[in-house]
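Asks: Just dropping this structure here.
The values are calculated or read from the model by the stated rules, or taken from the named source; none is laboratory data. Keep in mind it's a predicted model, so treat the numbers as computed, not measured. Reconstructed Cβ throughout: ideal geometry from the backbone, glycine too, with neighbour counts over all protein chains shown.
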Amino acid sequence: MPEQIKEFLQSFRKIDKVLGVMLLNHDGEILAKIITSDNQPDILEQEVFACFQLGEKLGDLLKLGNLNQSYLEYPNSNFTSETIRNKNNQAMLLIIISQEGVNLGRIRMEIRRVKKMLEEVPA
Amino acid sequence: MIRLDERLEKLNKRVAENPQNIESWLTLAQANYYRGNYLEAISAYEQITNIDPQLWETQLGIAQILEEIKQYQNALQILNKYAVEHPNEVFGYLLFLKFQNNPEIKEGLGELSALYKKFSPAKENIDLAIKSTGNNLPIIEEFIEDLQTLENPSILDKFLKTTAEAQKEQLNEDLKKLKELEKKAKPMTGGELSQLSSQMETVAQELNASPLEQEIKELLNAKGIILAVILDRKGAIKAQFVKEDSFEGNLQQIFKDAGEVLQNIQTINNLHYWLLEYDHGLLVIYNLNQDWFLICQGMLGTNFGALRYMIEQKKQTLCSLLPGGGS
């Protein structure tokens, strides 16, 4: 199964300035990870995950509903994350790490495409 | 415009050199759209569909342009096809709402209304967002907002001016109503009293606002923004502004909890900003300097590009008004 997920994530590699992509489960464990560049991102995946948990909590307290997508911008890299639920309604976090100047619209398009495939992945 | 024309030239060169590069075609489509070169924009979108037919969202870009150039039948045909194939995608629904506000195309929306009925719980929020954006909710906004802000800030300036004028008009209308009430000189009902009291509270809040609060209040002019707060690293609120009746809850407690988590993120001082998108709106956490965050909450449909532009414009002033100055 991780191989199948990795295969889905490969499509992000064709986007200019994408440094890496990973999928975490709801406990923050890495299900799949592809790094396409030697450049070190500004923060670690576990910190992105901590941000995700805070984002969920804030959404709850401010009655904003489910957190669907978030974007963290740092000086040398940025992180787009998307919440995905699989067939068993278990949440996963897709994180795309990219460089300044990346076409975010393109990343979002690819996320929506890949999201549909990941939603079909059994637990 | 010169900058945009130069950019278009470069983009055209780029797609000629690498015709399989989707990003280049997308950027070219967006730039042409902004320049008003609609046919070229459509052609660029079509190229993307040829390269990867699964990138169906480009169809919405085309439908929006067709509506703008009054090719209503073709625009409807695309949106109908899209809605049948992707009935759960809110992006089609947003375009549907935009069409609904066009009297010339509204009649042809019958089948779509039934298809998009499921979105009705979100309708109120979206309608409000459309209203606050002056009925301008481009479906490809999320792709082009950066370009809009960087390439053509006059669009934003125009929007801000329109918003200020609309507020002035509203104020005049309110004054007229007040004078009519005075003439009638009837005892006020409980509802009228409560409304007046609420209006007076808002006015009092504005009059008592500190320079810092005045500054963050102006951020609420960005379309869809309903809350702006400044807090320190521990989550203690220094200043806040909330649009009338838009929020219930203990902000102090909510952001104190947030501050505790943010403190534990080691690299937080380097963060520029953090954008969070939810079912019913968005949050932006902006790092003003090493001591202060600015947090804004917006409704569904909020133009983040415009908000970011405003924050960047105000950042220095805000920092100078905060303890610690512009550190």
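Asks: Out of segment B:295-327, which residues are under 18 Å from the mean Cα position of the chain (by Cα) and part of a loop (DSSP other than H, G, I, E, B)?
Replies: B:LEU300, B:GLY301, B:THR302, B:ASN303
Asks: Report, ordered by the first and then the second residue, all pairs with beta carbons closer than 6 Å, sequence separation of six or more or different chains, a first member in segment B:258-272 that is in contact (Cβ under 8 Å) with a residue 12 or more places away in the chain and more than 7 Å from chain A (Cβ to nearest Cβ), and a second member that is polar (S, T, N, Q) and not in a helix (DSSP H, G or I).
Replies: So the pair list comes out as B:ASN269/B:GLN290.
Asks: Turning to a different aspect of this structure: Mind listing just one residue for me: the one in segment A:34-51 that is more than 9 Å from every other protein chain (Cβ to nearest Cβ) and in a helix (DSSP H, G or I) and, of those, modelled with the highest pLDDT?
Replies: Filtering first and then ranking leaves A:PHE49.
This table checks each residue for (1) over 13 Å from the mean Cα position of the chain (by Cα); (2) more than 29 Å from B:LEU288 (Cβ to Cβ).
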site: A:PHE8; (1), (2): no, yes
site: A:MET22; (1), (2): no, yes
site: A:LYS33; (1), (2): no, yes
site: A:PHE52; (1), (2): no, no
site: A:LEU61; (1), (2): yes, no
site: A:ASN68; (1), (2): no, no
site: A:SER77; (1), (2): yes, no
site: A:GLN90; (1), (2): yes, yes
site: A:ILE96; (1), (2): no, no
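Asks: Of all residues in segment A:74-113, how many are hydroxyl-bearing (Ser, Thr, Tyr), assigned to a loop (DSSP other than H, G, I, E, B) and without any contact (Cβ under 8 Å) to a residue 40 or more places away in the chain? Please lay out each step first, then the result.
Replies: First, the residues of segment A:74-113 that are hydroxyl-bearing (Ser, Thr, Tyr): A:74, A:77, A:80-81, A:83, A:98.
Now drop any that are not assigned to a loop (DSSP other than H, G, I, E, B), which leaves A:74, A:77.
From what's left, without any contact (Cβ under 8 Å) to a residue 40 or more places away in the chain: A:74.
Adding up the residues that qualify gives 1.
Asks: Continuing with this model, one more query. Could we say that A:ILE107 is under 27 Å from B:THR49 (Cβ atoms), aliphatic (A, V, I, L, M) and in contact with a Lys or Arg (Cβ under 8 Å, 6 or more places away or on another chain) here? Even if it seems obvious, please write down each step before you answer.
Replies: Values: under 27 Å from B:THR49 (Cβ atoms): yes; aliphatic (A, V, I, L, M): yes; in contact with a Lys or Arg (Cβ under 8 Å, 6 or more places away or on another chain): no.
No: the conditions fail for A:ILE107.
Asks: Take segment A:69-123 and flag every residue that is at the interface with chain B (Cβ under 9 Å from one of its Cβ atoms) and aliphatic (A, V, I, L, M).
Replies: Correct list: A:LEU72, A:VAL102, A:LEU104, A:MET109.
Per-residue answers, yes or no, for (1) acidic (Asp, Glu); (2) closer than 27 Å to A:PHE12 by Cα; (3) within 13 Å of chain A (Cβ to nearest Cβ); (4) not in a helix (DSSP H, G or I):
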{"site": "B:GLU6", "(1), (2), (3), (4)": "yes, no, no, no"}
{"site": "B:LEU11", "(1), (2), (3), (4)": "no, yes, yes, no"}
{"site": "B:ALA16", "(1), (2), (3), (4)": "no, yes, no, no"}
{"site": "B:GLN20", "(1), (2), (3), (4)": "no, yes, yes, yes"}
{"site": "B:THR27", "(1), (2), (3), (4)": "no, yes, yes, no"}
{"site": "B:ALA31", "(1), (2), (3), (4)": "no, yes, yes, no"}
{"site": "B:SER43", "(1), (2), (3), (4)": "no, yes, no, no"}
{"site": "B:TRP56", "(1), (2), (3), (4)": "no, yes, yes, yes"}
{"site": "B:ASN74", "(1), (2), (3), (4)": "no, no, no, no"}
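Asks: While we're looking at this one, here's another question. Take segment B:291-307 and flag every residue that is modelled with pLDDT of 85 or more and more than 7 Å from every other protein chain (Cβ to nearest Cβ).
Replies: At the first step, the residues of segment B:291-307 found to be modelled with pLDDT of 85 or more are B:291-298.
Result: B:ASP291, B:TRP292, B:PHE293, B:LEU294, B:ILE295, B:CYS296, B:GLY298.
Asks: Would you point out which residue out of B:ILE216, B:ILE254 is facing another protein chain (nearest Cβ under 9 Å) and outside any strand (DSSP E or B)? I'd like the intermediate steps shown before the answer.
Replies: Numbers: B:ILE216 fails: facing another protein chain (nearest Cβ under 9 Å).
Answer to the selection: B:ILE254.
Asks: Being assigned to a helix (DSSP H, G or I) and either of a type in the set (Ser, Thr, Tyr) or out of contact with any Lys or Arg (no Cβ under 8 Å at 6 or more places or on another chain) (or both): is that true of A:LYS116 here?
Replies: Judged against the criteria, A:LYS116 is a match.
Asks: Continuing with this model, one more query. Here are some residues: B:LYS70, B:LYS98. Which one is part of a helix (DSSP H, G or I) and away from every other protein chain (no Cβ under 14 Å)?
Replies: Just a single option satisfies the conditions, and that option is B:LYS98.
Asks: Considering (1) without any contact (Cβ under 8 Å) to a residue 40 or more places away in the chain; (2) assigned to a loop (DSSP other than H, G, I, E, B), say which one B:TYR286 fails and leave the rest.
Replies: (2)
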